[in-house]
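The values are calculated or read from the model by the stated rules, or taken from the named source; none is laboratory data. Here the structure is a predicted model, which is why all the values come from computation and not from measurement. Neighbour counts are summed over all protein chains in view; Cβ atoms, including those assigned to glycine, are modelled from backbone coordinates with ideal geometry.
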Amino acid sequence: MDTNQYLDMFVEESKEHIQAINDHLLELENAPESIDIVNEIFRSAHTLKGMAATMGFEDMTTLTHEMENVLDQVRNHKLVVNSDMMDVIFRCVDLLERMLYSIAGGGDGREDVSAVVAQLHAILNGETVVQAAPKVLPEDSAAANPEAAPDVEASAASRLHAFDQFEITVLDQSVQAGHQAYWIKTSVRDDCVLKAARAYMVYDNLESLGEVIKTTPSVQDLEEERFEKSFEIVLITRESQEKIESTVLNVSEIEGVEVELIDIHLYKADHLREAKPQAQAKPAAGTKQAGAKPADADKSAPKKAAAGKTIRVDIERLDVLMNLFSELVIDRGRLEQLAHELNKSALTETVEHMSRISGDLQSIILTMRMVPVEQVFNRFPRMVRDLAKELNKKINLEIIGAETELDRTVIDEIGDPLVHLLRNSLDHGVEPADRRRMAGKPEEGLVQLKAYHSGNHVFIEVKDDGAGINREKVLAKALDKGVVTEQQAQSLTNKQIDELLFASGLSTADKISDISGRGVGLDVVKTKIESLGGSVSVDSNPGVGTTFLIQLPLTLSIISAMLVQVEDEKYAVPLSSIIETAVFSPDQIMHAHRQDVIDFRGRVVPLVSLKSLFSIPDNGIAKEEDISVIIVRKGDKMAGLVVDSFIGQQEIVLKSLGKYLTNVFAVSGATILGDGQVALIIDCNALIK
């Protein structure tokens with residue numbers, strides 16, 4: 001997937017997160033005991049890390065991950081904020097800003113983060129933070145002569161400073177997996193004619209024993225014979241030191257070889273001094289030739305962020321514009337009613353023209369705010385691919401309904417919750433291939449990301465065909481964390497146990513990793529979704545899979561609705577929820593399970609009387625025997641709303657009921673009609689649920 005198309009979005013969102021970290025750090029200096037501020041910094045760093053990892057910016061990912069480690073210890077009361085810590089974290093933010101400006105200018109965003117990472121490690125270990133002193137190089141060093149690579153004797157420990165953080169991570173993981181890392185210095189004879197050819201033969205032979213992760217000088221310099229007498233290679237292998245030495249010495253015109261075992265723990269002990277100034281290229285694993293040529297590098301380099309064709313408008317300004325237009329829609333309705341009552345042709349024509357113009361204006365304003373969820377969904381295939389490789393799992397991501405449109409306010413906020421849910425499905429949900437085979441499942445797991453409209457809501461599903469939720473493990477963790485008591489645990493249903501995953505700080509991962517297990521997962525998802533006026537639920541079937549369902553309001557200020565009358569009250573039913581309006585005679589009404597139902601095109605549909613639902617008093621006016629019904633739906637479920645009469649279709653302005661009328665059942669808001677009356681807007685999804 002070409003991530004360049006998302007570069008502009010990444011740069012702008014990263015600027016916002018870095019600014020948020022800066023602002024909260026300043027607040028934290030004045031209130032170092034505030035865990036809430038630490039949590040805000042942590043979440044911004046966590047989101048920034050996820051975005052950087054998706055875009056492939058390794059140094060930014062590494063630095064934000066190490067920042068997380070320190071902040072995580074602070075919020076768990078294992079570290080105390082002090083001036084040294086603040087200085088180091090501010091330095092981290094400066095580095096992040098430098099990387100981001102590099103990326104925005106078309107660079108690769110690479111920075112030497114080794115020194116600041118070492119300082120973060122010192123903080124974690126409770127050691128004194130040593131500020132790195134500027135390094136003074138001798139005049140005759142290789143830095144003074146960039147054409148010549150270093151040919152210096154050094155211990156394995158001192159050479160570790162030449163590794164960047166990514167290489168240190170690779171070395172560490174390889175050692176944990178049972179491999180050994182060796183530093184190999186090879187010297188060629190003084191009378192050697194083709195030094196580059198000998199270097200290539202040594203490189204090729206060593207690569208047959210394992211994986212070469214670094215050369216000094218770079219592969220390109222070796223190929224172009226830009227070295228004096230010796231060169232160095234770092235090799236990861238399971239072979240013995242003797243085997244390595246004999247392999248190198250089998251190449252003719254080699255004078256000698258030095259092989260030393262690299263102790264990766266020295267990196268942590270010495271805090272990794274600042275890296276050498278010259279740039280060094282890493283050969284790709286399994287590659288026998290030099291690195292990419294400049295022309296190839298240009299093709300793979302990130303494009304410079306485009307500017308000038310679009311502008312970022314503060315969403316609050318769009319909110320003000322929408323509110324002003326909403327008032328215009330109310331006045332338009334009033335004018336249409338007056339024109340109808342006065343029946344003056346000139347007034348009627350003018351009002352009709354104004355209605356057409358305002359309709360076009362309304363369409364433009366709504367289009368400005370509505371964007372397809374594809375903008376968010378398209379970031380995930382690359383992320384799933386990389387995580388699947390890291391977890392050694394076979395996973396297929398299926399995206400459905402990417403064209404579903406959602407308000408920009410919501411689009412900007414749902415990316416992080418979806419990342420958490422997808423990572424949860426990949427790590428905890430889908431099983432490894434061998435376990436899937438044993439369970440009679442295909443080796444490749446399926447993760448489905450689906451979006452669809454239902455009424456005036458958008459639903460997003462994250463579904464996997466994995467092992468389902470391990471309820472015993474969840475309950476044990478909840479008891480251990482004090483989320484529930486022993487007495488409460490005995491009476492919990494399976495659904496309630498599943499919902500415990502949304503408890504603050506609850507994680508079922510056995511160890512902390514980049515993928516999950518930090519305790520910032522599902523509680524953050526729930527908090528974020530609820531702040532958007534939505535809800536999230538989970539449904540799991542052991543051995544079959546798990547589905548997370550997010551319900552989000554469209555948050556549109558203007559919607560099309562059907563106005564209906566019930567006694568003296570008027571109600572609005574969103575057109576997006578309506579299948580059909582119909583009139584039934586009393587003998588067509590049936591009863592099933594103590595519920596009035598109708599036969600609608602071969603389906604049994606339950607009836608819901610709005611008069612009974614909202615306890616509307618009888619006005620004493622005789623009514624027709626026939627029953628007016630609006631057939632509404634939520635997904636594949638349907639219901640029939642019984643009303644007295646249909647008034648007609650109208651554009652209405654969605655108004656909040658305010659903070660004093662929250663969570664009113666089956667009512668999503670209200671609208672002001674042209675005659676000044678207030679009509680409640682029916683929430684069909686809540687009715688059917």
(request) From Leu687, Leu680, grab the single residue that is touching a residue at least 24 places away in the same chain (Cβ under 8 Å) and assigned to a helix (DSSP H, G or I). (result) Leu687
(request) Tell me the helices (runs of 4 or more DSSP H) entirely within the range 194-251 that contain at least 1 residues that are under 13 Å from Gln180 (Cβ atoms) and basic (Lys, Arg). (result) 241-249
(message) Is it the case, given these coordinates, that Ala622 is without any contact (Cβ under 8 Å) to a residue 12 or more places away in the chain and at negative phi?
(response) yes
(message) I'd like to know if the range 652-664 contains one or more residues that are in contact (Cβ under 8 Å) with a residue 24 or more places away in the chain, out of contact with any Gly (no Cβ under 6 Å at 6 or more places or on another chain) and closer than 27 Å to Gly359 by Cβ.
(response) yes
(message) Just to confirm my filter: which helices (runs of 4 or more DSSP H) fall fully inside the range 1-96 and include at least 2 residues that are at pLDDT below 85?
(response) 7-30
(request) Determine, yes or no, whether Val351 is under 20 Å from the mean Cα position of the chain (by Cα), crowded, with 16+ Cβ neighbours inside 10 Å and among the aliphatic types (A, V, I, L, M). (result) no
(request) Could you check, for the range 588-600, whether at least one of its residues is among the aliphatic types (A, V, I, L, M), over 24 Å from Asp568 (Cβ atoms) and not in a strand (DSSP E or B)? (result) yes
(message) Could you check the range 354-376 and list, in sequence order, the residues that are surrounded by fewer than 12 Cβ atoms within 10 Å (Cβ to Cβ), of a type in the set (S, T, N, Q) and over 30 Å from Met55 (Cα atoms)?
(response) Ser363
(message) Going by what's in this entry, would Val410 be described as in contact with a helix residue (DSSP H, G or I) (Cβ under 6 Å, 6 or more places away or on another chain) and either outside the structural domain of Met9 (by TED's automatic domain parsing) or crowded, with 21+ Cβ neighbours inside 10 Å (or both)?
(response) no
(request) Could you look through the range 244-264, keep only residues that are of a type in the set (Asp, Glu) and more than 23 Å from Glu167 (Cα to Cα), and pick out the one that is modelled with the lowest pLDDT? (result) Glu253
(message) Can you confirm whether Gln565 is farther than 30 Å from Ser358 by Cβ and at pLDDT 85 or above?
(response) no
(request) State whether one or more residues within the range 209-216 are without any contact (Cβ under 8 Å) to a residue 60 or more places away in the chain and in the same structural domain as Asp172 (by TED's automatic domain parsing). (result) yes
(request) State which residue pairs qualify: first residue under 11 Å from Leu366 (Cβ atoms) and inside the range 315-327, second residue modelled with pLDDT under 80 and outside any helix (DSSP H, G or I) in any location, beta carbons under 6 Å apart, and separation of 6 or more residues or different chains. (result) Met322/Ser557
(request) Would you list the helices (runs of 4 or more DSSP H) that sit entirely within the range 387-504 and hold 2 or more residues that are under 30 Å from Ala52 (Cα atoms) and modelled with pLDDT under 85? (result) 408-424
(request) Look through the range 576-633, keep the residues that are basic (Lys, Arg) and over 41 Å from the mean Cα position of the chain (by Cα), and return whichever of them is surrounded by the most Cβ atoms within 10 Å (Cβ to Cβ). (result) Lys611
(request) Could you please let me know if Ser187 is at pLDDT 85 or above, part of a helix (DSSP H, G or I), over 17 Å from Leu171 (Cα atoms) and assigned by TED's automatic domain parsing to the domain that holds Val170? (result) no
